[in-house]
Each structure stands twice: as C-alpha cells, then as structure tokens.
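Comments concern the structure below.
Quick note: the coordinates plus some simple rules give every number you see, no bench work behind them. Source: prediction; values computed, not measured. Note that each Cβ is placed from the backbone with ideal geometry, even for glycine, and that neighbours are counted across all protein chains shown.
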Amino acid sequence: MDERGAPLSLVVTGANRHDVTQLAPVLDALCVRRPVVRAGVLQHLCADAGFFGQPAEKAIRARHYTPHVRSRGEETHRRTKGHTPRRWIVEVAHSRFNRFRKLLVRYERLYRSYQALTMLAAASICFRKVNTTINIIYG
C-alpha cells in the first residue's frame, strides 16, 4: 500500500500462510516502478510487528528499503496529534477489499479466477484514489 491506501502489489496465497513468509514475493510483485534511488535518499518501508525479525529485515534491506517495524504498543506511545499510525492504512485497505462481497468469502475453485477478481478490485480501489477535475464517464 502507498500512503493513500492504494494497493501496489498483490499476491494470493492460502489462509494458512504467515505474512512474513510472503514478504519477499509481495515486494517483488510491485506493479508500480519505484523512483530511482539517489545517493543519500532513503526509501522507507513501514510494517507491523508481524514482520519483526532477521528474515524480514534481510528481505527488506535486500530490496534497498529502510525498515520501520514497530509493535502495536510502541506505535500507540509515539502517536502525535493529527498523525495516525501508518499501520492503519493497511487495515483500511483490507476493509476496502472486504466491501467487494464476491471476495469476502472465497467460492472460486481456481486460483486464477480469484486472483483476477482481486486484481479487478484493486484496480477499482486505485481508480477511486485518482484525483480528477473532469468526470471521466460523463465528460
């Protein structure tokens, strides 16, 4: 997710897979090109406590990100007025995906069908995030 809550990558796995095992595939499947990293400019990656540990940190640093992994307790203590923790952006994005009732309970047998539906939902979410001055449908 970017800072606005638009999905940048999508990987479909079984529900019994832990998030930290899918960190590298998610980072490798980014659909949006990253800006060219200049010397001295850091690109940050914020994550919750599920990504705490050496394997996750290695995967993050191998892709030239600066990891920021905080637990829930630490995040609430560092909150300042007007700034919500970045972890909430991902939770809001999950809520947006759950609004697509076809995705809420998975009835598709084929992996490809379910992945296509989630990509369609992600495209719809991204389309709603675009700021436009003209209504594209009605001109």
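A protection proxy built from the mean count of other Cβ atoms within 10 Å ranks the segments 11-20, 35-44, most packed first, as 11-20, 35-44. Residue by residue, region 35-46 carries 3J(HN,Hα) couplings of x, 5, 7, 8, 5, x, 9, 9, 10, 9, 10, 9 Hz when phi is fed to the Karplus relation 6.51 cos²θ - 1.76 cosθ + 1.60 (θ = phi - 60°); x denotes Gly or Pro. The H on the amide N of L45, modeled in the peptide plane, is under 5 Å from the matching H of T66, H68, each at least 5 residues off or on a different chain. The residues packed around P25, meaning those with a beta-carbon under 12 Å from its beta-carbon, carry a net charge of 0 if Lys and Arg are +1 and Asp and Glu are -1.
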